[in-house]
Amino acid sequence: MSKNEEDVIIVQDTISIEEGKHTGTITDVIVRTSEAEGYEYVDIHVDTDDDKGETVNIKFGFPKYISVNSSFGKFLTETGFSFERGDTITMEDIKNHLVSKVITFQSMNEEVTGKGTFARILRETVKVS
């Protein structure tokens with residue numbers, strides 16, 4: 001019986017990057033729903049180097065809501081994405097605009113009780129290079 005790639009999960013180490021300034025490349029933009037909160041979020045995936053110099057993928061995100069004053073709207077504007085009130089924007093439009101952009105960001109390691117310490121991108125520090 002052959003294994004479909006979607007049926008396989010490879011166990012990995014916890015992602016660890018040094019706290020501080022980093023450079024990375026946006027690799028994907030995905031919408032996810034938080035069942036507990038009933039909200040949709042946009043996760044932006046970024047490839048960067050870990051403490052060992054290996055490429056790792058970490059993410060940061062926003063609520064799936066765009067206005068000129070929302071955090072996601074401000075981020076899109078800072079990356080050069082234009083929109084006006086009443087526009088209809090698809091996730092494909094956003095993905096096409098963001099994927100492959102090189103960004104700089106600050107990271108922080110955050111301890112989650114009972115789960116361990118995880119690298120977190122401070123989204124307010126993300127800038128397009």
Tell me, please, whether a residue that is surrounded by 11 or more Cβ atoms within 10 Å (Cβ to Cβ) and either at pLDDT below 85 or out of contact with any Phe, Trp or Tyr (no Cβ under 9 Å at 6 or more places or on another chain) (or both) can be found in the range 2-12.
-> no
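State the number of residues belonging to the range 114-129 that are among the β-branched types (Val, Ile, Thr) and either out of contact with any strand residue (DSSP E or B) (no Cβ under 8 Å at 6 or more places or on another chain) or assigned to a strand (DSSP E or B) (or both). Steps first, please.
At the first step, the residues of the range 114-129 found to be among the β-branched types (Val, Ile, Thr) are 117, 121, 125-126, 128.
If we keep only those that are either out of contact with any strand residue (DSSP E or B) (no Cβ under 8 Å at 6 or more places or on another chain) or assigned to a strand (DSSP E or B) (or both) too, we end up with 117, 121, 128.
Number satisfying all stated conditions: 3.
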So which residues in the range 13-31 are exposed (fewer than 14 other Cβ atoms within 10 Å of the Cβ) and closer than 16 Å to LYS95 by Cα?
-> ILE30, VAL31
Among the residues of the range 114-129, how many are modelled with pLDDT under 90 and under 11 Å from GLY24 (Cα atoms)?
-> 1
Looking only at the range 84-97, which residues are surrounded by 13 or more Cβ atoms within 10 Å (Cβ to Cβ) and more than 14 Å from LYS64 (Cβ to Cβ)?
-> HIS97
If VAL68 passes every condition in (1) among the β-branched types (Val, Ile, Thr); (2) over 20 Å from ALA119 (Cα atoms); (3) exposed (fewer than 10 other Cβ atoms within 10 Å of the Cβ) but one, which one does it miss?
-> (3)
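The values are calculated or read from the model by the stated rules, or taken from the named source; none is laboratory data. Quantities reported herein were computed from a predicted structural model and do not represent experimental measurements. Cβ sites come from the backbone with ideal geometry, for glycine too, and all protein chains shown count toward neighbours.
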